[in-house]
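Q: Pasting a structure below so you can have a look.
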Amino acid sequence: MTISSVQTAVLDKARAEAEAILAEARKDADARLERESARLREEQERRVAALRAEAEADLEREAGNRRAEDRNKLLAMKNEIIEEVFAKAIEAIRDLPGDGYAKWLEAQLARAPKMDGAAVAVNEADRPLMERILSESSGLKMAEKPAAIGGGMIIQGAQADLDFSVESLLGVLRESLAEEIAAQLFAEPEKDDN
């Protein structure tokens with residue numbers, strides 16, 4: 001064998017070994033690239049899932065907050081309506097036909113225990129009516145200052161005051177009838193299954 005053929009054989013063998021090493025290196029690089037790509041895809045999927053879960057939790061929390069706000073607004077509206085109903089009830093008592101309101105005031109005076117030296121306070125509009133009622137009965141006198149009430153009276157005694165105001169009497173009724181009134185005012189309409 002000649003030197004040139006030996007050289008060619010050595011070069012061919014070196015080239016073949018280099019190509020084998022290069023092929024093995026490419027194969028290892030491709031495998032590492034595939035593993036790293038898979039790891040990055042999994043990490044990205046975990047991050048996306050975590051972000052999605054966080055976004056869904058935020059949306060649910062926001063929806064819950066809005067539902068609570070809506071319930072509070074609805075409750076406030078219902079309370080306003082109930083307040084209006086009781087305000088109209090106060091007006092209805094004051095506007096009883098004929099001498100109905102005067103008789104109601106007399107009935108409240110009759111209910112009151114006897115209090116020596118007591119004075120009756122009413123609102124400014126009811127003062128003439130109460131002066132007439134007091135002049136016809138009871139040993140009570142008219143209070144000097146009017147009461148800040150919509151109707152009825154406050155009997156001011158030396159040791160205690162008795163509140164017979166329309167607001168106070170309806171307030172007691174309101175507490176006991178609140179659920180019934182709300183049920184009547186805000187009853188859900190029956191659904192037709194047809």
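Readers should treat all values here as calculations from the given coordinates under stated rules, not as data from a laboratory. Just so we're clear, the structure is a prediction, and the values are computed from it rather than from any experiment. Every residue, glycine among them, receives a Cβ derived from its backbone with ideal geometry; neighbour counts consider all protein chains shown.
Q: Starting at the first residue of the stretch 26-38, write each ³J(HN,Hα) from the Karplus equation 6.51 cos²θ - 1.76 cosθ + 1.60 with θ = phi - 60°, in whole Hz, x for Gly and Pro.
A: 4, 4, 4, 5, 4, 5, 4, 4, 5, 4, 5, 4, 5
Q: Can you tally the net charge around Arg46? Count Lys and Arg as +1, Asp and Glu as -1, for every other residue whose Cβ sits under 15 Å from the Cβ of Arg46. Write down the numbers at each step before the final one.
A: Numbers: positive: Arg39, Arg41, Arg47, Arg52; negative: Glu42, Glu43, Glu45, Glu54.
For residues surrounding Arg46, the net value is 0.
Q: In addition: Largest first and in whole Å, what are the equivalent-ellipsoid semi-axes of the stretch 72-123 based on the Cα gyration tensor, each being the root of 5 times an eigenvalue?
A: Numbers: eigenvalues 203, 51, 13 Å².
Each semi-axis is √(5λ); the values are 32, 16, 8 Å.
Q: Treating the stretch 1-69 as a set of equal point scatterers at the Cα positions, no solvent, please give the Debye-formula log₁₀ I(q)/I(0) at q = 0.21, 0.25 Å⁻¹.
A: Treating every Cα as an identical point scatterer, log10 I(q)/I(0) equals -0.89, -0.99.
Q: Taking θ as phi - 60°, what are the ³J(HN,Hα) couplings along the stretch 79-84 by the Karplus curve (6.51, -1.76, 1.60), each to the nearest whole Hz, with x for Gly and Pro?
A: 5, 4, 5, 5, 4, 4
Q: Where does the chain land on the Kirkwood hydrodynamic radius, alpha-carbon pairs, in angstrom?
A: On the way: mean 1/r = 0.0392 Å⁻¹.
Kirkwood hydrodynamic radius for the chain: 25.5 Å.
Q: Turning to a different aspect of this structure: Describe numerically, in nm with one decimal, the distance between label points set 7 Å from Cα along Cα→Cβ at Ala87 and at Ala110.
A: In this crude spin-label approximation the distance works out to 3.3 nm.
Q: Multiply the residue separation of Ala9 and Ala182 by 0.36 nm, subtract the distance between their alpha-carbon atoms, and state the gained length in nm to one decimal.
A: In short, 51.8 nm is gained.
Q: At what distance in nm do the modelled label points of Lys145 and Leu173 sit from each other, each positioned 7 Å from its Cα along Cα→Cβ?
A: Spacing of the two 7 Å Cα→Cβ label points: 2.9 nm.
Q: What is the sum of charges, Lys and Arg at +1 and Asp and Glu at -1, for the other residues whose Cβ falls under 14 Å from the Cβ of Leu59? Could the numbers behind the result be given before it?
A: Numbers: positive: Arg52, Arg61, Arg66, Arg67; negative: Glu54, Glu56, Asp58, Glu60, Glu62.
Summing Lys and Arg as +1 and Asp and Glu as -1 gives -1.
Q: Something else: Using a Förster radius of 45 Å, what is the FRET efficiency between Glu17 and Glu43 based on their Cβ-Cβ separation? Nearest 0.05, please.
A: Efficiency computed from Cβ-Cβ geometry: 0.75.
Q: Hey, could you pull the Cα Rg and Dmax for the stretch 100-171, both in Å?
A: In order Rg, Dmax, the Cα atoms of the stretch 100-171 give 10.8, 31 Å.
Q: Quickly work out the Thr2-to-Leu51 label distance, labels modelled 7 Å from Cα along the C-beta direction, and quote it in nm with one decimal.
A: Simple spin-label model gives 6.9 nm for this pair.
Q: Roughly what % antiparallel, to the nearest 5, for the DSSP beta bridges in the chain?
A: In the chain, approximately 80 percent of DSSP beta bridges are antiparallel ones.
Q: Which of the lysines could a cross-linker span from Lys27 if the Cα-Cα distance has to be under 23 Å and same-chain partners fewer than 8 positions apart are dropped?
A: Lys13
Q: On a 0 to 90 degree scale, rounded to 10, what angle separates helix 166-185 from the longest Cα axis of the chain?
A: Relative to the chain, helix 166-185 is tipped by roughly 40 degrees.
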